[in-house]
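Just below is one structure, and these are the notes that go with it.
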Amino acid sequence: MTVEYEGTKVLNVRGNSCSKGLAYAIDEITKPVRIVTSTVRVIGGELPVVPVKTSKAIRRNLIFDVMEKIKEAEVKAPIKEGQLILEDPAGCGADVIATLELVEAENG
């Protein structure tokens, strides 16, 4: 697919085989978004971190702000898959949720 653009204005899209490709190309130029994945420190868990992700794609320009909030976060075990870890960090419009169930460590 080839996209011709100036700034954030799309001038022409070629090579897409469907309307979804056209919409994707326009969105990627005008308002790119990404799902953010990372890990959060765990207190008292069988693992030292739990994998997390944003509940939906966020604006690409907010990724570093969200990652800073994730870096500062800690959560206490046990953790359920899908559990809310951070609510709308940096005003990104998405929550950060756990993607793995994690139990407490056997030694406490």
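The values are calculated or read from the model by the stated rules, or taken from the named source; none is laboratory data. All values reported here derive from a predicted model rather than from experimental measurement. Here Cβ is always computed from backbone atoms with ideal geometry, including for glycine, and neighbour counts include all displayed protein chains.
Residues are listed down the side, and each one gets a yes or a no for (1) at pLDDT below 95; (2) at positive phi; (3) surrounded by 12 or more Cβ atoms within 10 Å (Cβ to Cβ):
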{"position": "K9", "(1), (2), (3)": "yes, no, no"}
{"position": "V13", "(1), (2), (3)": "yes, no, yes"}
{"position": "S17", "(1), (2), (3)": "yes, no, no"}
{"position": "L22", "(1), (2), (3)": "yes, no, yes"}
{"position": "I26", "(1), (2), (3)": "yes, no, yes"}
{"position": "K71", "(1), (2), (3)": "no, no, no"}
{"position": "P78", "(1), (2), (3)": "no, no, yes"}
{"position": "L86", "(1), (2), (3)": "no, no, yes"}
{"position": "E104", "(1), (2), (3)": "no, no, yes"}
Legend entry - Residue, nearest to V36 (Cα to Cα), within segment 58-107, restricted to residues that are assigned to a loop (DSSP other than H, G, I, E, B) and of a type in the set (A, V, I, L, M): A94
Legend entry - Which listed residue is in contact with a Lys or Arg (Cβ under 9 Å, 6 or more places away or on another chain) and under 30 Å from E106 (Cα atoms), from I35, I43, I79: I43
Legend entry - Selection from segment 1-50 of residues that are β-branched (V, I, T) and not in a strand (DSSP E or B): T8, I26, I29, T30, I35, V36
Inset, instruction - Taking I70 as the residue in question, decide whether it is in the same structural domain as I43 (by TED's automatic domain parsing) and closer than 11 Å to G45 by Cα. - result: no
